[in-house]
Every structure is written in structure tokens, then in C-alpha cells.
Amino acid sequence: VSIAITGVGLITPAGLTARENAERIRSGVNMQPDRSNKSLNCESFARAGQFDLERRLRYPKNIKFMSRAVQLAMYAALDALDASGVSMDSVDRARFGVHTACGETGLENEEFFGAYSLAWQDREPDFKYLSLRASKMVDPYFSLRTLTNAGSGLIAMELGLHGTSCHFIHGETSGAQALEAACEDLADRRCDVALCGAYDHLGTAAAYVAYAASGFARPRGELLLGEGAAFLVLERTEDAHSRAACIQAEVLSVDVRAGGSAAPPDVTGFSVDRGAYRPSTGYLGAATALAELAAGLELAPRAALATFRSEGWCGSAAAITVRLTD
Amino acid sequence: MDQYGTADRNRHRVVITGLGLTTALGRGLDTCWPKLIAGESGIRPISYFDSSEHATKVSGEARDVSREPDVPDTPASYMRRACRMFVDASQEAWRQARLTEMPISPDQIGIAAGTSTNYLDMRLVKAAWETRRPDMLRTDPERLLASGAADEGHFYRRQGDMIGAAAVRKLGVRGPVFLTDTACSASAHAIGLAYQAVRRGKARAMIAGGAAALARPLSILAFALLGALSRGETPDCARPFDKKRDGFVMGEGGGAIVLETLESARERGASILAEICGFGCATSGHNLTDPSPAGRWEAQAMSLALAEGRMTPEQIDYIAAHGTSTPKNDANETQAIKTVFGPHAYRLMVSSNKGHIGHTISAAGVCNVVFTVRAMIEGVAPPTLNLRNPDPECDLDYVPNLGRAAKIRTALCNAFAFGGQNVSLAVRAWE
């Protein structure tokens with residue numbers, strides 16, 4: 001069994017497609033901070049360009065359940081699916097998997113400010129007063145947007161998918177975990193097609209405060225926080241061949257380790273110059289590993305072996321090795 | 001080089017050699033278990049904040065959690081409560097598996113943990129409010145930073161993956177790692193992924209499980225907004241499968257199991273407690289909070305677990321149900337069980353521990369597995385607490401209120417998530 005990548009979707013501040021990202025990285029243009037973002041330090045955040053997701057959705061009303069990160073994910077996932085040429089009319093949706101990863105979604109303090117204003121105005125903040133009456137000041141759809149796994153759930157709902165699924169959280173290496181799980185599910189024949197991706201949106205006050213206070217992000221650190229999503233469509237190579245799909249690359253190995261270093265195969269292949277990549281896109285959090293892979297498929301010479309390494313904040317290390325199809 | 005082309009994939013049998021648990025019933029499985037079968041509840045009035053004006057007044061708080069778990073290179077301030085619970089449970093499982101006396105190479109042991117990324121530091125919440133922008137309801141990040149309320153530890157407490165990193169450092173392992181957040185099925189997913197890694201020889205052993213500590217005011221408020229929480233004011237308001245159930249009670253918990261290859265356990269002379277033999281996973285793709293219609297995809301997860309374990313429905317003696325005590329879940333799970341098991345659904349035992357410990361969210365799956373393995377060893381089926389009013393839609397044998405002597409040879413452990421990720425694990429007693 002070998003695993004083929006037949007579709008790629010990538011959205012970052014450097015572009016709305018993998019090709020746009022690759023061109024920007026190739027030309028060495030650095031990302032400029034989003035000075036229109038008034039709620040954050042304007043030096044701290046890079047935003048993706050405008051994209052119209054709602055018009056592409058089968059269930060556009062579900063957009064109210066989508067955080068900014070999930071909107072990015074949905075956009076990249078739909079792009080990857082379109083690029084793969086997989087026909088949703090002929091695929092068995094019970095055998096179509098969704099494997100995703102993210103890092104920075106979850107409860108967002110600002111969403112509660114309406115409730116705080118009712119509960120705490122003119123008195124000492126005390127959680128005692130955050131009763132259900134105060135909670136009525138909170139957007140009722142907010143709770144669903146806090147579900148970290150809402151991305152995979154909403155993608156499954158949009159496309160009617162019922163196969164295996166999982167959602168990973170492991171800093172920059174979580175995308176590699178999603179890729180590993182998807183490849184293993186395909187190799188074990190637990191699913192026939194997998195939509196695998198990672199996404200993050202670090203343009204929130206909570207993320208900014210955490211990264212800046214720790215000294216990682218500007219102004220005290222070097223990171224320009226960004227946002228983005230990268231998705232891949234994966235199939236067994238034999239299945240991709242049988243439907244005459246365009247195979248972009250084959251996944252040879254994925255390894256994510258708890259400590260020390262990950263173990264890629266002993267190859268010297270192409271690897272994306274992260275020093276060039278990050279200034280072009282900003283820091284993408286959990287989306288980093290798969291975004292580098294997605295852009296790398298455009299940047300690497302055909303027939304090359306390419307290894308992509310990433311390390312998480314808490315000590316994990318990942319290595320993904322692919323062979324680009326000639 | 002191609003790891004997916006390897007012949008003889010999935011060649012190992014996967015056994016359980018260690019168990020660890022912290023819940024509202026106490027710290028350590030030996031503390032929790034007698035209370036579970038005696039029908040004791042760990043649910044109490046909320047102590048973390050004054051809930052007198054809230055609709056939700058009770059929760060299953062874990063009261064005995066290490067404050068200083070002494071993790072190398074990791075100050076206690078880097079670890080949130082769930083992280084410390086997982087470290088406690090992992091150490092307990094590690095000790096039972098005797099991995100210190102009869103070690104395995106650290107490169108051959110990995111970690112798989114499920115947790116909830118959701119975290120808000122209560123001190124920071126208040127500081128953000130107090131330093132908010134005067135002209136609108138928004139955070140003023142620069143004033144908040146200047147207040148000093150966010151320390152370096154805050155960054156790490158916020159990182160969901162710290163739960164794995166802390167266990168890795170405490171136990172000194174260097175193998176594969178998986179960290180999941182699929183809400184209520186996260187730790188079941190972690191166990192399933194660990195089972196797969198051991199089965200295919202990627203690791204010789206894995207510490208798997210998870211933890212969650214969401215019995216906090218804003219988490220409770222967020223779930224209350226979804227209408228998922230019971231509005232009862234007494235500890236018995238968590239009543240899975242009862243006609244008067246009206247939602248779940250938030251619980252806290254952390255659990256871990258040691259999985260290893262059968263060859264490894266035999267070579268080490270470890271006591272084998274049970275075998276994991278199937279992992280089924282299916283996605284509802286229907287609605288973020290509601291179960292799938294007629295429990296179709298929950299049933300699919302159970303069917304896949306049975307098939308992988310090469311078990312027939314008639315071989316199953318017991319199901320550790322997700323059984324949250326919400327009106328929809330319990331009726332739907334009952335329907336799904338009937339779909340998979342047909343007439344045998346009325347002969348097997350089904351129970352839920354949510355009446356004892358509340359819904360531990362990301363830890364729910366591992367709590368089910370740990371209690372099920374102990375039930376197999378002790379020959380006692382865990383009861384469903386506070387089940388007094390039969391519901392015509394929930395008409396199976398739920399082992400009401402008191403544990404029952406029973407031989408359990410094979411079991412399924414269910415965990416179904418908001419978001420639609422349904423997981424079922426097949427467990428076989430070791431005889």
C-alpha cells in the first residue's frame with residue numbers, strides 16, 4: 001500500500017492557494033503586519049486575504065457555527081477536494097475520513113464580555129453573578145464555535161462524510177499527527193479517501209497576550225502571528241491510479257515523537273527553508289507543518305524526495321517525507 | 001522506506017497491564033472502585049465559585065489532585081489542573097505495569113492523551129475585564145499585558161499539548177505521541193490510536209488516556225447555553241437512562257492505561273489485565289450537538305469495533321455506555337445498541353458512570369475503559385446511579401443503582417462526541 005496526495009488546498013496571509021503561497025515564498029517577499037486590526041497590536045498579526053466562503057457552502061447557514069479558524073479550514077478543504085477531482089456522487093461517504101488539527105481555538109474570553117457587562121458593571125467581578133440571565137448576553141452560537149473539533153464536524157456535515165475521523169492538538173506538529181492517522185487509516189483500509197488538514201487563527205487578543213507575555217511574539221519576541229489552513233486529499237495510490245487522478249506526491253513516512261527528535265527515513269531531500277517561509281506567511285501555529293508541506297509540493301523539484309520537519313512548543317518533533325510525482 | 005507498504009501490518013495482540021484514575025470519587029482506582037459499585041456519588045455542590053445564582057449548582061469535582069507533581073523542567077505553574085490529573089493517573093498506571101522494575105526502552109514507549117483545549121485562567125479573565133477598552137466591550141491587550149496578570153506559565157497552561165509533554169517528562173518516554181481533542185470521545189480516540197500504534201509495532205507500549213477539568217464557571221456557562229446541563233440542584237440530578245433525566249452534570253477526571261504487545265508483557269512478566277481488540281470510529285456528519293438520527297453512526301462505531309475484534313454481537317456481555325443523562329443521548333444510544341445487537345440487546349448489561357462522577361468530557365472514554373477492565377477482574381458489573389423511573393425509550397438492563405456480580409468476558413466501551421466523532425472500543429477479559 002502506498003498513499004497518494006491528490007488534492008491540495010492552502011490559505012495563508014501569503015495567498016489563497018498553494019501556488020500563490022509558493023510564488024510569494026520563491027520571490028522572498030515578507031509578510032506585512034495587518035495594520036487594520038485595531039484590536040491587536042498592529043505589529044503582531046498577519047491576516048489572510050479576503051475569501052468568499054459562504055457562496056461555496058451547501059449549507060451556508062452553518063457559517064454562524066464557524067470560528068475564523070474553521071472558516072479558513074473549510075475554504076482550504078473545499079479547494080483540496082476540488083483539486084483532487086474526487087466525485088462526491090460516486091464516493092462511499094461512510095468510508096470517507098476527516099482528520100484535522102488545530103491549536104488556538106477554544107473558549108475566547110472576549111465572547112463573554114457582554115455577560116460580564118451585565119453581571120459585573122459597577123461591582124467587583126465575581127463569577128457568582130454570571131447567571132443564566134447574564135449569559136443571554138452571549139451569542140448563543142458561541143458555545144459551538146468553542147468546540148475544538150468543530151472543524152472536522154462541520155466539514156463532515158458540509159460534505160456528508162461518515163468515515164473515520166479525529167482531531168489533534170499538538171502545536172506545530174499536530175498537522176503531522178493528523179496526516180499520520182489519515183495515512184494509517186488508508187493503509188488499514190478503514191477508509192478509502194481522507195481529507196486531512198490543519199488550521200489555526202492566532203489573531204485573537206487571548207493568543208496575542210499569551211504569545212507576547214511568554215516573549216515569543218512581537219513586540220517582545222520575533223513571531224509575527226498569522227492564520228491559515230492547509231488540507232490534503234489522500235487516497236491509496238492504486239485507487240488514485242484507477243480513477244486516473246493526478247497524483248502530486250506519495251507519502252513515504254510520518255513520524256511524531258514525544259521528545260528528542262523524530263525519525264525520518266535516511267534521505268537527503270528537498271526541504272522548505274523555514275527561514276524564508278515564516279516571514280512570508282507569519283506564524284501559522286498548528287497549520288505550520290501541513291502548510292509547509294502544501295507549499296513545498298509547489299516549490300520542490302518533481303521526482304524529489306522531500307522531508308518536512310516541525311517542532312512543537314512543548315517538546316514534540318515531527319518529520320514527514322514525501323516523494324513528489326514526476 | 002515506505003511505512004505503509006509493510007507486510008504483516010497489525011501483527012501484535014495488544015494487552016492492558018496498568019490502570020490509573022482520578023475522579024470525583026477520589027484519587028486512585030482502588031479508591032474509586034468500591035464507591036462505584038456501592039452506588040456512591042462524587043457529585044457535590046460546586047465549590048469553585050458561588051453558584052447560588054446559577055442554574056447549575058452541582059458538579060463532579062475531583063478533590064484530590066497533585067498540586068506539585070514534580071515534573072522535570074516543568075514548573076507547576078505550567079500545568080493546568082487536567083494536566084496534573086493525567087500525570088497522576090499515568091504514574092498510577094505505570095506503577096501497576098511495573099515499568100520501573102521491568103523497564104521497556106524509552107524510545108519504545110509513547111503517549112496518547114485526549115483533553116480539552118478549552119482553558120481560561122480565571123484570574124486573567126478578571127484582569128481582562130478590569131483593563132478592558134473603555135469605549136467598547138473588548139480586551140485591551142497592551143493594558144492587560146502591562147497588568148502582569150499573564151505570566152510565562154499562562155502560555156503553557158493554555159497549550160492543550162502540555163498534557164502530553166508533562167507525562168512525557170515525568171515518565172521519561174520518547175516514543176510516538178498523539179494528542180487529541182474530539183470533545184467527549186477524546187480519550188477514547190487516544191486509546192484507539194495507541195492500540196493501533198502498538199498493534200502495528202510502532203511502539204512496544206503506550207500510556208493512553210486523557211483528562212479534563214471543565215467544572216469552571218465559564219465552561220459551565222458555555223455548556224448551559226447549549227442546554228446540555230441538568231438544572232437540578234441536588235447530586236442525584238445526574239440520572240442516566242432515567243425518565244426524569246434533564247441533562248448532564250459537569251465532572252472532572254483523568255485516567256490512563258498502559259497498553260503493550262502481548263509478547264512484551266510476557267517477556268517482562270507483567271500481569272495482564274485485559275486485551276483491547278477493536279477500535280471503531282464513525283462520524284455523524286449530521287449536527288454538532290445532536291446524536292445521529294436513530295443512532296446510525298453510533299451503531300456503526302460499535303459494529304466496526306466488533307468486527308475488528310472478530311466478535312459476534314452475542315458474545316458481548318456488557319457495554320460501558322456513553323450514557324450522559326441528556327434526554328437525546330440516552331434514548332439514541334439505546335436505539336443504537338438495539339440496532340447492533342438485536343434481541344441480544346435485552347440480554348446484555350449496559351451501564352453509565354455519569355451518575356457517580358458526572359460527565360468528564362474528554363476523560364469520559366478512559367473512565368469507561370478503566371472501570372470496565374476492573375469490572376472484568378472483580379466479576380462485578382458497575383451500576384447506573386439514580387435510575388428510578390423507567391423510560392419506555394430506555395428499556396435495556398442498565399444495572400440500576402448497585403453493582404451486580406457478573407462474569408464479563410467481553411465488553412464495548414462507548415464515547416460519543418459533540419462534533420460527531422463516535423468511538424467504540426472492544427475489550428476482552430484476560431483469562
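The values are calculated or read from the model by the stated rules, or taken from the named source; none is laboratory data. Not measured: the values here are computed from a predicted model. Note: ideal-geometry Cβ built from the backbone for every residue, glycine included; neighbour counts use all protein chains shown.
Some points to look at:
This table checks each residue for (1) touching a residue at least 24 places away in the same chain (Cβ under 8 Å); (2) among the acidic types (Asp, Glu); (3) away from chain A (no Cβ under 14 Å).
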residue: B:219; (1), (2), (3): yes, no, no
residue: B:230; (1), (2), (3): yes, no, no
residue: B:251; (1), (2), (3): yes, no, yes
residue: B:260; (1), (2), (3): yes, yes, yes
residue: B:267; (1), (2), (3): no, yes, yes
residue: B:286; (1), (2), (3): yes, no, no
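Listed here are the residues, each with its yes/no results for (1) of a type outside the set (Lys, Arg); (2) out of contact with any Asp or Glu (no Cβ under 7 Å at 6 or more places or on another chain); (3) buried (at least 19 other Cβ atoms within 10 Å of the Cβ); (4) farther than 19 Å from residue B:40 by Cα.
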site	(1), (2), (3), (4)
B:237	yes, yes, yes, no
B:240	yes, no, yes, no
B:247	yes, yes, yes, yes
B:254	yes, no, yes, no
B:266	no, yes, no, yes
B:273	yes, yes, yes, yes
B:276	yes, yes, yes, yes
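- Hits in region B:278-307 (condition: surrounded by fewer than 21 Cβ atoms within 10 Å (Cβ to Cβ) and not polar (S, T, N, Q)): B:286, B:290, B:293, B:294, B:296, B:307
- Any chance residue A:275 is assigned to a helix (DSSP H, G or I) and at pLDDT below 95: yes
- Top-ranked residue in region A:85-115 [being modelled with pLDDT under 90 and aromatic (Phe, Trp, Tyr); ranked as surrounded by the fewest Cβ atoms within 10 Å (Cβ to Cβ)]: A:113
- Every residue from region A:308-322 that is among the small types (Gly, Ala, Ser), surrounded by fewer than 24 Cβ atoms within 10 Å (Cβ to Cβ) and under 19 Å from residue A:294 (Cβ atoms): A:319
- Among the candidates B:107, B:88, residue that is part of a helix (DSSP H, G or I), under 28 Å from the mean Cα position of the chain (by Cα) and either modelled with pLDDT of 95 or more or away from chain A (no Cβ under 12 Å) (or both): B:88
- Selection count where residues are of a type in the set (D, E, K, R), farther than 30 Å from residue A:133 by Cβ, more than 14 Å from chain A (Cβ to nearest Cβ) and touching a Lys or Arg at 6+ places or on another chain (Cβ under 9 Å), scope region B:1-52: 2
- Unmet requirement for residue B:414, which otherwise passes all of (1) crowded, with 24+ Cβ neighbours inside 10 Å; (2) polar (S, T, N, Q); (3) at positive phi: (3)
- Residue match in region A:168-187 (condition: farther than 20 Å from residue A:291 by Cα, over 20 Å from the mean Cα position of the chain (by Cα) and either within 8 Å of chain B (Cβ to nearest Cβ) or touching a residue at least 12 places away in the same chain (Cβ under 8 Å) (or both)): yes
- First in region B:397-419 and more than 19 Å from residue B:238 (Cβ to Cβ) and modelled with pLDDT of 95 or more, second anywhere and polar (S, T, N, Q) and part of a strand (DSSP E or B), Cβ under 6 Å, 6 or more apart: B:412/B:424
- With respect to (1) more than 29 Å from residue B:145 (Cβ to Cβ); (2) at pLDDT 95 or above; (3) buried (at least 20 other Cβ atoms within 10 Å of the Cβ), the lone exception for residue A:22 is condition (2).
- Taking (1) over 30 Å from residue B:423 (Cα atoms); (2) assigned to a loop (DSSP other than H, G, I, E, B); (3) within 10 Å of another protein chain (Cβ to nearest Cβ) in turn, residue A:104 satisfies each apart from (1).
- Selection status of residue A:145, farther than 28 Å from residue B:10 by Cα, more than 7 Å from every other protein chain (Cβ to nearest Cβ) and surrounded by fewer than 24 Cβ atoms within 10 Å (Cβ to Cβ): yes
- Matching residues in region B:367-395 - criterion: being buried (at least 19 other Cβ atoms within 10 Å of the Cβ) and either in a strand (DSSP E or B) or on the phi > 0 side of the Ramachandran plot (or both): B:380, B:381, B:384, B:386, B:394
- Residues of region B:396-412 satisfying the condition of being closer than 23 Å to residue B:305 by Cβ and either assigned to a loop (DSSP other than H, G, I, E, B) or among the aromatic types (Phe, Trp, Tyr) (or both): B:396, B:398, B:399, B:406, B:407, B:408, B:409
- Count - residues of region A:1-26 that are within 18 Å of the chain's Cα centre (by Cα), over 25 Å from residue A:245 (Cα atoms) and β-branched (Val, Ile, Thr): 1
- Spans of helices (runs of 4 or more DSSP H) in region B:146-237 with at least 2 residues out of contact with any strand residue (DSSP E or B) (no Cβ under 7 Å at 6 or more places or on another chain): B:152-158, B:162-171, B:217-225
- Leading residue by the ranking (surrounded by the most Cβ atoms within 10 Å (Cβ to Cβ)) among those in region B:127-151 that are facing another protein chain (nearest Cβ under 8 Å) and either small (Gly, Ala, Ser) or touching a residue at least 12 places away in the same chain (Cβ under 8 Å) (or both): B:128
- Which numbered condition residue A:67 misses (of (1) among the small types (Gly, Ala, Ser); (2) out of contact with any His (no Cβ under 9 Å at 6 or more places or on another chain); (3) farther than 30 Å from residue A:187 by Cβ; (4) buried (at least 24 other Cβ atoms within 10 Å of the Cβ)): (2)
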